[in-house]
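Heads up: the structure comes next, in structure tokens.
The values are calculated or read from the model by the stated rules, or taken from the named source; none is laboratory data. Values in this document were obtained by computation on a predicted structure and should not be read as measured data. Here the Cβ positions follow ideal geometry from the backbone for every residue, glycine too, while neighbour counts run over all protein chains shown. All accessible areas refer to the heavy atoms of the entire protein, side chains included, with ligands and DNA or RNA removed. Shrake-Rupley method; radii C 1.70, N 1.55, O 1.52, S 1.80 Å.
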Amino acid sequence: MNWNKFHLKSLARKLIISIAVLISLYVLLNLIFPLPDKVEYSIIITDDKGEVVHAFLTKDQQWRMKTDLSEISPLLKKTIIEKEDKYFYSHPGFNLISIAKAAFSNLIHLKRMSGASTITMQVARALEPRKRNLFSKCVEVFRALQLETRYSKDEILQLYLNLVPYGGNIQGVKAASLLYFNKNPDHLSLAEITALSIIPNRPSSLVLGKNNDKIIQQRNHWLQKFAADHVFSQKEIQDALEEPLTAKRRAVPHLLPQLSYKLKRQGGTTIRSFIDLNVQSKIEKLVTDYVRDLKLKNIHQAAVVVIDNKTHKVISYVGSADFHDTTDGGQVNGAAAVREPGSTLKPLLYGLCIDNGLLTPKMMITDVAVNYQGYTPENYDRRWNGFVTMSYALEHSLNIPAVKSLHALGKDKLIRALALCDFKQIRKDRQKLGLSMILGGCGASLEELTGLFSCFASEGIYVKPLYGGKDTIQKKMRILSEASGFIITDILSQINRPDFPLQWESTEHLPKIAWKTGTSYGKRDAWSIGYNQQYTIGIWVGNFSGLGNPELSGANVATPLLFKIFNTIDYDNNGDWFHQPATCESRIVCSETGLPPGPYCTNLVSDYFIPLVSPSALCNNWSEIIVSPDEKISYCRVCMPANGYKKKMYKVIPPEMEDYYEIHKIAYQKIPPHNPECEKVFHEGAPSIVSPLNGNEYLISKKHPEPLLLTCHTSTDVNKVYWYINDQLYKSCQARTRQFFFPEEGAVKISCSDDKGRNRNSWIKVRYVDW
């Protein structure tokens with residue numbers, strides 16, 4: 001009895017030691033030969049409904065698309081397990097009974113009749129392909145154990161469905177179902193699943209689309225076997241038997257090429273975009289047809305971005321008119337390309353000016369020649385307009401008022417706002433940018449501009465557009481007040497403006513929108529960006545080569561396409577328009593200045609303003625002047641006589657506007673010259689030298705020298721001025737006339753004296769260069 005107990009203890013000890021040795025050996029082998037389970041999958045891009053719209057080959061040139069667990073339907077799981085491995089959920093990765101049966105069968109027939117591979121072993125073989133022999137089978141058993149200890153049964157089944165070969169370069173049930181049946185695996189029928197399950201055993205001889213009759217025979221054989229084993233109901237089997245097999249190899253979807261490449265860089269295997277494929281298809285056709293006509297004018301490309309203003313998701317993205325067009329770089333992504341934005345930044349500028357208390361829609365800006373340290377902007381038509389309101393300046397996209405407004409605001413505030421709106425090139429170049437940026441002297445993309453304009457539709461709040469993939473966190477930043485956003489929208493929604501396309505004849509079908517156009521320097525880029533409560537749509541038209549074209553303008557080339565797209569995706573929209581917020585009020589202002597009326601203002605209009613922000617100073621457009629009875633001399637309080645004078649109201653006109661009136665020979669009421677005997681006249685009112693600017697350095701080409709301009713502002717009582725160069729009289733002339741001179745190299749002193757003896761000096765540096 002004692003001997004038996006001793007014997008049992010000895011056996012138990014040996015068993016424990018054996019198990020410990022086996023476990024230790026497995027752990028050691030697992031460390032020495034780690035599981036090669038790193039699988040590269042094809043990157044696929046889907047639309048907003050999860051349908052595959054684009055896919056990329058793996059590095060080994062395989063279509064190996066990852067099937068998610070959610071895509072493995074109960075029908076797919078049941079069919080595959082029943083056919084391939086009935087005991088999948090009960091064995092440890094290998095089936096000893098099946099191995100024994102297979103070994104006996106192979107021994108009897110003296111050849112390989114069965115491999116007895118479980119689903120787990122098939123995954124091991126797919127991960128590490130080997131010649132089929134006894135050693136390879138032992139390796140498969142070891143790898144199967146590794147798989148079972150690392151993954152759950154469902155995950156192993158998922159690996160199997162991702163790696164199983166279906167002929168050619170197609171691997172995995174997702175790639176096979178998409179390329180043969182044009183559907184996702186969770187939509188496959190019993191007949192389709194069974195047909196696919198046959199292919200891996202003979203992938204070279206059973207090819208869908210070529211050997212469908214043979215595949216049907218094999219499929220029906222397995223369906224009848226399922227029926228005999230009562231795996232499925234008789235009706236399910238009968239329906240599957242009667243289902244025709246029309247599968248054939250289809251092309252992989254290659255829609256949204258530019259957006260797909262953009263999203264691919266985010267990483268991941270299945271990247272979901274927010275593209276509405278129905279909207280995308282309509283817009284792509286519109287762009288293709290529209291550019292086909294433009295090619296007759298040597299304009300070859302266009303790009304479009306559409307944002308849903310409710311969700312801030314990009315629902316349509318067209319990077320070029322034709323991705324496969326090699327004549328003008330069709331594979332370039334025009335939506336992401338950085339180009340000159342033209343006048344498209346002006347709405348943001350004026351919105352910031354409103355928020356900073358500098359302007360209201362009816363406030364006057366002088367549209368006359370200006371010079372900012374040598375920078376002399378011009379309007380598009382190279383004309384001046386004199387006094388213009390802010391709303392007129394924006395509607396007509398005038399350049400000089402925009403530059404003046406940016407100078408008053410400070411370019412850093414505009415740059416800061418654009419940086420908050422993710423303008424990458426502007427953020428990068430912020431130290432180099434100047435006043436010209438408001439006229440397009442900077443870099444921006446259609447993506448960035450469309451995102452910027454969507455903030456006008458979102459009460460002045462910028463929400464970073466979502467393209468898909470990892471774009472889940474929506475960055476929100478207030479750029480403008482709700483009031484200024486509404487005011488800008490009200491201005492941009494006016495139809496009676498010069499940038500309304502002349503050839504557009506379907507205004508009655510156009511949903512109400514606000515829009516802004518832009519044309520870059522040299523007419524290389526045409527922009528038009530519009531929005532309403534539903535959508536923000538950005539349009540770029542031009543040539544990727546950068547070739548300019550005299551026909552290219554935002555109004556006549558880009559805006560018609562903008563209207564066509566709105567007319568297609570938001571046809572006859574009668575929805576609500578933007579409502580005036582409580583923070584935006586109306587007031588009566590003087591029509592001549594845009595300021596609250598003073599005691600002498602008679603022409604009044606209504607204007608929007610922001611309480612406690614907008615300018616509140618009363619209009620001082622008129623001033624009481626003491627003049628002689630014949631109105632030929634004016635007096636100040638110092639020199640006015642005791643009697644023999646009268647008081648008269650005169651309109652106050654800035655010196656630059658007096659110059660404008662004089663140059664254009666526009667009659668205006670002049671204040672009489674000041675009393676020549678007044679002592680005060682000799683101490684105040686010296687000429688102001690406008691050009692050249694004091695302290696500047698001027699570079700002049702030796703090959704093609706150009707003279708420097710001499711101009712000044714004087715008081716109204718001055719008739720004649722005298723110009724001195726380095727204290728030598730150069731020329732005398734009438735006040736407000738322009739003179740030119742060629743300076744000597746080095747330091748140059750410039751003096752201007754008026755006929756009252758008042759003088760002003762400025763100093764410049766001149767350098768001649770080999771240009």
Listed peptides 371-382, 46-57, 172-183, 328-339 by packing density, highest first (mean Cβ within 10 Å): 172-183, 328-339, 46-57, 371-382
Lysine pairs meeting the criterion (Cα under 25 Å, 8 or more apart or interchain), as found in segment 570-723: 23
Where chymotrypsin sites (Phe, Trp or Tyr not before Pro) fall in DSSP loop in segment 583-633, at most 16 other Cβ within 10 Å: Y600
Placed amide H near K66: partners under 5 Å, 5+ positions off or other chain: S42
Solvent-accessible area of R430 with every protein chain in place, 1.4 Å probe, in Å² to the nearest 10: 90 Å²
Ranking by accessible area, most exposed first, for T67, T472 with a 1.4 Å probe: T472, T67
Filter on K137/K235; K38/K464; K174/K210 - keep pairs with C-alpha separation over 32 Å: K137/K235; K38/K464
I473-R249 pseudo-label distance in nm [points 7 Å out on the Cα-to-Cβ vector]: 4.5 nm
Gyration tensor (alpha-carbon) shape descriptor, segment 213-321, a/c threshold 1.5: prolate
Probe 1.4 Å, accessible area per residue of segment 281-408, Å²: 39 Å²
Tensor-based shape of segment 674-729 (alpha-carbon gyration tensor, a/c under 1.5 rounded, otherwise prolate or oblate): prolate
Using alpha-carbon coordinates, inclination of helix 346-355 to the longest axis of the chain, degrees: 70 degrees
Shape category assigned to segment 382-497 from the gyration tensor of Cα positions, a/c cut at 1.5: oblate
Relative contact order for segment 632-771, counting Cα pairs under 8 Å that sit 6 or more residues apart, in percent: 27 percent
Estimated FRET transfer efficiency when R0 is 25 angstrom, pair A642-S688 (beta carbons, to 0.05): 0.15
Radius ratio Rg over Rh of segment 462-542, counting only Cα atoms, Kirkwood formula for Rh: 1.02
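Quick one: length gained pulling D289 to D68 fully straight, 0.36 nm per residue minus the C-alpha distance? Before the final figure, lay out the partial values.
On the way: separation 221, 0.36 × 221 = 79.56 nm, distance 3.90 nm.
Difference between extended and current length: 75.7 nm.
Restricting to Cα pairs below 8 Å that are 6+ residues apart, what does the relative contact order work out to for the chain? Please round to a whole percent. List each step's numbers first, then the result.
Working: 1420 pairs, mean separation 67.1, N = 771.
Rounded, it is 9 percent for the chain.
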Intensity falloff of segment 319-447 expressed as log10 I(q)/I(0), Debye formula with alpha-carbon point scatterers, at q = 0.10, 0.11, 0.21 Å⁻¹: -0.37, -0.44, -1.18
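Give me the percent of Cα-Cα pairs in the chain that sit more than 54 Å apart, rounded to a whole number. Show your work: numbers first, answer last.
On the way: 113870 of 296835 pairs.
Value for the chain: 38 percent of Cα pairs lie more than 54 Å apart.
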Rounded to the nearest 10 Å², the accessible area of E745 at probe 1.4 Å: 110 Å²
Cleavage-rule hits (trypsin sites (Lys or Arg not before Pro)) in segment 671-771: DSSP loop, at most 16 neighbouring Cβ within 10 angstrom: K702, K703, R738
Kirkwood Rh and Cα Rg combined as Rg over Rh, evaluated for segment 614-761: 1.05
Solvent exposure, largest accessible area first (probe 1.4 Å, DNA, RNA and ligands not counted), of H713, H579: H579, H713
MRE, 222 nm, helices only [DSSP H, n ≥ 4, -39500 (n - 2.57), over the chain, to nearest 500]: -10000 deg cm²/dmol
Of all accessible heavy-atom area on the chain, the percent that carbon and sulfur account for (1.4 Å): 54 percent
Angle between the chain longest axis and helix 559-569 axis [Cα atoms, degrees, rounded to 10]: 40 degrees
Efficiency of FRET from Cβ geometry, F741 and Q373, R₀ 25 Å, rounded to 0.05: 0.80
L358, L562, L502, reordered so the largest accessible area comes first (probe 1.4 Å): L502, L358, L562
Accessible surface, segment 589-677, averaged per residue in Å² (probe 1.4 Å): 58 Å²
Rg to Rh quotient for segment 634-705, alpha carbon positions, Kirkwood Rh: 1.15
Spacing of the two label points (7 Å from each Cα toward its C-beta) at F500 and W763, in nm: 5.7 nm
